[in-house]
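Visitor: First the structure, which I've put down as structure tokens, then a few questions once you've had a look.
The values are calculated or read from the model by the stated rules, or taken from the named source; none is laboratory data. Just so it is clear, the model here is predicted, and its values are computed rather than measured. Neighbour counts are summed over all protein chains in view; Cβ atoms, including those assigned to glycine, are modelled from backbone coordinates with ideal geometry.
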Amino acid sequence: MSKNRPLRPGDPNSRPSLRPPSGPAGRGRAPEHPDAGQPAHSRISLKELDPGRFELVHPACVARLWDDYQEALDAWRQGEPEEARDMLRFALEGCGDHLWVHCALGQIALELEKDPSLAKGHFGYAYELIERAIPRGFKGLLSPDCHGNQPLYQAIDGLIRCALAAGHAGEVAELKRVQASLSGRSATGRSS
């Protein structure tokens, strides 16, 4: 595949960027990428499963910190959202590209803190990390049924919920269009 570049709005050969107008993560600048300067295989990338069907490949640190992520989810389910949030933040220190952690922090911000702006920052940053892995002109599908692609759809769903909370119908429509395009399903959920 060609060099991975951020997708550009208005480019007919690319999917639109979902970067919020106020900055990459919805609240000013995104933090410096913790894996900056690391080899490309330590970042999120794409693997072709079948012709035109792809799955996100996550860096090794995701597997290394998977148990920490699961423990944080357990703490959240047991009614300890502050402890879960702290555990998730700690996991990000060891793996800044852990998309599941970014999405879980977005869920906590949205559901427990009732802060759609903060949630949009978490979901938006997860989406940006994925966007960096998708080459310009990408025409393939990222099936929601593939484990590695699940955080993409968690991030998009979270961004939709944030846009709904903010009353941004146009953003909701665009997010649903991107979701349908990447998944190969219509906006109603049926395969195209």
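Visitor: Could you tell me whether the range 182-191 includes any residue that is touching a residue at least 12 places away in the same chain (Cβ under 8 Å), within 12 Å of the chain's Cα centre (by Cα) and surrounded by 22 or more Cβ atoms within 10 Å (Cβ to Cβ)?
Guide: No - not one qualifying residue is present in the range 182-191.
Visitor: Another question, then. Residue check: is Tyr125 over 17 Å from Leu159 (Cβ atoms), part of a helix (DSSP H, G or I) and not basic (Lys, Arg)?
Guide: Against the criterion (over 17 Å from Leu159 (Cβ atoms), part of a helix (DSSP H, G or I) and not basic (Lys, Arg)), Tyr125 does not qualify.
Visitor: Same structure, new question: Which helices (runs of 4 or more DSSP H) does the range 48-120 wholly contain that include 2 or more residues that are of a type in the set (Lys, Arg)?
Guide: Details: elements: 60-64, 66-77, 81-94, 99-107.
Result: 81-94.
Visitor: Would it be correct to say that Gln70 is in contact (Cβ under 8 Å) with a residue 40 or more places away in the chain and within 19 Å of the chain's Cα centre (by Cα)? Break it down into steps so the answer makes sense when it comes.
Guide: Values: in contact (Cβ under 8 Å) with a residue 40 or more places away in the chain: no; within 19 Å of the chain's Cα centre (by Cα): yes.
Here the answer is no, as Gln70 does not meet what is asked.
Visitor: Please state which one of Arg132, Arg136, Arg85 is free of Cβ contacts under 8 Å to residues at least 60 places away in the same chain, surrounded by 15 or more Cβ atoms within 10 Å (Cβ to Cβ) and among the basic types (Lys, Arg). Break it down stepwise before answering.
Guide: Values: Arg132 fails: free of Cβ contacts under 8 Å to residues at least 60 places away in the same chain; Arg136 fails: free of Cβ contacts under 8 Å to residues at least 60 places away in the same chain.
Arg85 is the lone residue from the list that is free of Cβ contacts under 8 Å to residues at least 60 places away in the same chain, surrounded by 15 or more Cβ atoms within 10 Å (Cβ to Cβ) and among the basic types (Lys, Arg).
Visitor: Please state which of the following conditions Arg19 fails to meet, knowing it meets all the rest: (1) at pLDDT below 95; (2) part of a helix (DSSP H, G or I).
Guide: Unmet condition: (2).
Visitor: On to the next question. Within the range 93-124, can you find the residues that are under 11 Å from the mean Cα position of the chain (by Cα) and of a type in the set (Lys, Arg)?
Guide: Lys120
Visitor: Same structure again: Determine which single condition Asp145 fails, assuming it passes every other condition in (1) within 19 Å of Leu46 (Cα to Cα); (2) crowded, with 17+ Cβ neighbours inside 10 Å; (3) more than 14 Å from the chain's Cα centre (by Cα); (4) acidic (Asp, Glu).
Guide: (2)
Visitor: If you don't mind, there's one more thing I want to ask. Could you identify the single residue in Gly52, Gly79 that is surrounded by fewer than 21 Cβ atoms within 10 Å (Cβ to Cβ) and farther than 26 Å from Gly184 by Cβ?
Guide: Matching residue, one of Gly52, Gly79: Gly79.
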